[in-house]
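Following this message is one structure expressed as structure tokens.
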Amino acid sequence: MMLLYAVISWIPSLQGKWSTYVARIVEPVLVPVRRLIPPVGGLDLAFLVVILGVGYVMNLIPRFAYESAYCLIR
């Protein structure tokens with residue numbers, strides 16, 4: 001959804017009524033990050049921070065699950 005939202009913002013001809021539904025899903029995630037990191041020179045860094053954060057958490061989940069399972073086995 002985040003990537004779709006980014007493409008919609010870059011290509012205005014793709015915007016339509018359906019894009020407001022995508023915005024309703026994505027904006028609540030971006031707004032708190034935008035409060036901490038405002039746009040710089042027209043570039044919204046909040047999107048990049050959220051994408052990197054999601055990637056980081058997705059890497060932590062398998063490690064945490066593996067370590068938890070290892071502790072249970074021992």
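The values are calculated or read from the model by the stated rules, or taken from the named source; none is laboratory data. Remember, it's a predicted structure, so these values are computed and weren't measured experimentally. Protein only, heavy atoms only, side chains kept; ligands, DNA and RNA dropped before computing areas. Shrake-Rupley method; radii C 1.70, N 1.55, O 1.52, S 1.80 Å.
Average projected area of the Cα convex hull of the chain, in nm²?
For the Cα atoms of the chain, the hull's average projected area reads 6.5 nm².
Under a 1.4 Å probe, what is the accessible area of the chain per residue, stated in Å²?
Working: 5990 Å² over 74 residues.
Here the residues of the chain average 81 Å² of exposed surface.
Right, something else. As a check on your grasp of the helix formula, calculate [θ] at 222 nm for the chain: sum -39500 (n - 2.57) over DSSP H runs of n ≥ 4, divide by the residue count, round to the nearest 500.
Working: 3 runs with 58 residues, N = 74.
Calculated at 222 nm, the ellipticity per residue is -27000 deg cm²/dmol.
Among VAL31, VAL50, VAL40, which one moves the most in a GNM of the chain with springs linking Cα atoms closer than 10 Å?
It is VAL40.
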